[in-house]
Amino acid sequence: MRRRVSAGIALLALALAALGSAGAQRVDLADQVVSSRAGLRIVRTVPAKVKAHAAAPSRVLSVAMVSRTQGYALAQSPTIGASGSWLLATEDGGVRWNVRAALPGSAAGIQFVDGRDGFAWTPTSLLTSVDGGRRWRAVYHHSIAHAAFVSAQDGIATSQSGALMLTQDGGRTWRYALANTGLYFSSVSALPGPRYYAIGFVQNGKSGSGTSLYVSTDGGATWTALFSGIASRGLHPAYLAYIRHVMQGYQPSYPSFGQGGTVTFTTPSDGWMTLFDGGFLSTLVARTTDGGRTWTYAWGNGGCAMGCNAMGGGLYPAAYLGAQDVWRFDFQSIDRSTDGGVTFQKGGAVPLGLPASNAVRALQFVTPQIGIAGATDGILRTTNGGRAWTRVWPQGPGPLSRISMTASGYGLAVASGQPDLLWRTQDGGRSWQLLRGFSYKSTASPPQYFPPAQISGFWAFSGGQALVYAGGSLYGSRDEGKTWRKLPLRLPPVPTYGSETLLFSSPQVGWDQVFGMNAAYLYRTSDGGRSWTLSTRSLQAGPTQCAPVGAAEGWCLNGRKSPKLLPSEWKVTLLYTADGGKRFTPAGSLPMRESVLSISFSSPSTGVLAGSRDLLLTRDYGRTFTDVHFSLGQYGFLNQVEEPAPGRLYVLTDGGRLFYSSDGGGRWRQLR
C-alpha cells in the first residue's frame, strides 16, 4: 500500500475531451523517452454527489477587546470567493473563543463600545447589536468603509466614496462633515467627549496640499486642521527624518505622501499616524504627544509599501497602548517598543504559516503583557508582552494542506499556516490531534525571511508507523506519532537549480524524484533511505508525479510541452513499472492544463488520478477509467487525492476542505 505527499509541484488540470483508446507497449527508458499517442480510455462518466457545507471561519480581520476579560473578533471563511462573516466572543481574556453569531454579507469591521453595544459595517450597510453580538439588525443601508464610535449613540465614519459622516443616534441617520474640503477621507479615530480625528487626501493628485489631518473637540460641530501636506510646520520635521532614515539622500525625488493613511489616538495628547505614497510604494509612521500639533518620525519604508514587512520594516498592523508602548508586526514576529517607537525589541516568532506581510490582520493589547492578534488562520494570544504567542482559536489544525491516510483510519496531516506542526487522526479524518511529540523548528541564523515549509513530506503506514521528512532529515515513529527518532538518510545528489520529491510506500521502500533543468531522474531505496539506486535517468523534464506501490511496482505521470498543444497545455503519459522504475509501460496519455495534479494507488491495479475538477479511477491496471466529475463551486478545486484502500477515497481541496467517499467516488461527505 502506498502513501504519498507531493512537494507542491505545480502541475496540470485534466482536460478530458477527445481521449481515445489506450496503448500499451513496453519501452526501455534507458534507450529512449517514453511516448504514447493513445489517450486514456474513459468508459464511464459519473457526477459526484457531494454533500458540502460552509467552511468554518478562520481568517480574522479585526479584534475588539472591551476589557481585560471580554472581547470580540470578526472572522471570515478561508475559502476564496466565499461570502459570510462570523462574530467570535471571549469572556476569559482571549483564552477561549466561540462563534457568537453569523453576520450577513461580508463585514469589513466591528467595534464594541462596551460588552453589549456593538457595530459592524459592510460595503452596503451598518449593523448594530445591543445584546453582545447575539442578534444584529441593519440600521443604515449605505456604504461604510471605516467607523469609530465613542458610545452607543455617537460615532464618526467614512463611506466607500470617501465622505466623512457623523451620527448621534446609533447610526440610523448621518450628517456630512468637512464636505467643502474636497478631500477623500480614509481613516477616523474617536475619543470620549466626543473628540474626533479624520485624515483625508485629494484624489487623482489635483491639489498639491497632500494629506490633511483634522480634529474636532466638540463632537463634529467645528473642525481644526492640524496639518495639510508634508510642508506643514507640524509634520515637516517628521518628513525630513523619514528622508534621512529611509531614502538616505539617494533618490532624485521623494515621496509626497499624498494618498492618505490611518490615524489612531489613544489619549487627547498621544496619537499615531501612518501615511502612504502609492507612487513610491512608501509608508511613514509618525507619533504625536501634543494632540497632533507636532509629529516625530517613528519608522517607515520606501519602494515596497506594506511588502517591506518582508525586509523587516514591520509596518502593519501596529497596536498602541498609552504614550510609550507600541507593537508592530515584523513579518515573522511582533516586536515591542517601550519608548514610543524609537527602539524595538524583537518578539517571539508568531505561529503562522508561510511568512507574509499581511499574515497578521489585527492587533490589540489590553495590558502591556496581554495581547490578541488576528491572523489569516486564527487568533493568537500573548501573556508576556509579545515574547511568545500561542494560537488559541480555532482549536484543531484549521484548513489542511496535505494528508496521508491508511485503511484503518489512522492518518497524518499538515495544516495551512502551520508548516512545522503535525496532526494525527485515528477516526478516518473526522477529528485531529496535535502530535506534540514531533516538532521541527528552523534554526537558521540569521533568520531567513523566506524559509521553506518545514515539513516537506510525511507518510502514514499501517500498524501505526510513520515517516516525516523535515529540514533535510528523516524521522520515524512506530506508535502513531507519540515518539520519534531521527533515521539515517543519505539522499542522491540534486543538480544545480534542481529539486526533489521523496515518496515512500513503506518505512523501507521509497522513491526520490530528482529534477534538473533538462532531465528528471528516479532513484529507489529499499533500506529506508540509507542508500539509493538510480532506476532511470530518461524521464522527460516536464510535469512528473509518481506513486510507488509495494516493493517494486508503481506508477508515474510524466510529460513534456508539445508545440502542437495550446501554450498552457502539456501532454502527459501514465506509466507503470514492475521493477522499481527500471522499465516503464505506458498505459496511455492525456492533455493537461496548468493546475495541481495528484496520483494515488492502493494496489498495482487500483488507483486514481486527480485534476482540478475530475477524478480518473482505474481498477484494471489503467486499461479503462471512470471519470468522476466534481462540482464544488465556491468550495475550491481538487488539490490532493488519497486512496488507502480500493474504493475508499479522500479528496482535499485547495481551500483545505476534506471529503471522503466509501463507494469509489459516487457519494462524498465533508469531514472538514
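The values are calculated or read from the model by the stated rules, or taken from the named source; none is laboratory data. Just so you know, these numbers come straight off a predicted model, no measurement behind them. Neighbour counts run over all protein chains shown; Cβ positions are idealised from the backbone, glycine included. With ligands, DNA and RNA removed, areas are computed over all heavy atoms of the protein, side chains included. Shrake-Rupley method; radii C 1.70, N 1.55, O 1.52, S 1.80 Å.
Laid out as a table, the results:
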| read-out | value |
| --- | --- |
| Net charge over other residues, Cβ less than 11 angstrom from the Cβ of Leu127 (K, R count +1; D, E count -1) | +2 |
| By accessible area with a 1.4 Å probe, ligands and nucleic acids excluded, highest first: order of Tyr521, Tyr576 | Tyr521, Tyr576 |
| Cα-based shape type of region 62-139, given that a ≥ b ≥ c are square roots of the gyration tensor eigenvalues and the cut on a/c is 1.5 | oblate |
| Protection proxy ranking, peptides 640-650, 479-489, average beta carbon neighbours within 10 Å, highest first | 640-650, 479-489 |
| Prolate/oblate/rounded label for region 97-188 (Cα gyration tensor, a/c 1.5) | prolate |
| Charge sum, other residues only, whose C-beta stays under 14 Å from Asp335's C-beta, Lys/Arg counted +1 and Asp/Glu -1 | +1 |
| Mean accessible surface per residue for region 193-300, computed with a 1.4 Å probe while every protein chain stays in place, in Å² | 43 Å² |
| Mean accessible surface per residue for region 484-542, computed with a 1.4 Å probe while every protein chain stays in place, in Å² | 48 Å² |
| Eligible aspartates and glutamates near Lys51 by straight Cα distance, threshold 16 Å, same-chain separation 8 or greater | Asp663 |
| Peptides ranked, highest mean first, by Cβ atoms within 10 Å: ranges 253-264, 660-671 | 253-264, 660-671 |
| Local electrostatic count, Phe344, Cβ distance below 10 Å [Lys/Arg +1, Asp/Glu -1] | 0 |
| Extension gain (nm, one decimal) between Asp663 and Ser603, 0.36 nm per residue minus Cα-Cα | 19.9 nm |
| Ranked by how many other beta carbons lie within 10 Å on average, peptides 603-611, 159-167 from highest | 603-611, 159-167 |
| Relative contact order computed over region 125-223 (Cα-Cα under 8 Å; 6+ residues apart), in percent | 18 percent |
| Projected label distance in nm at Thr45 and Thr217, using a 7 Å step from Cα toward the beta-carbon | 7.4 nm |
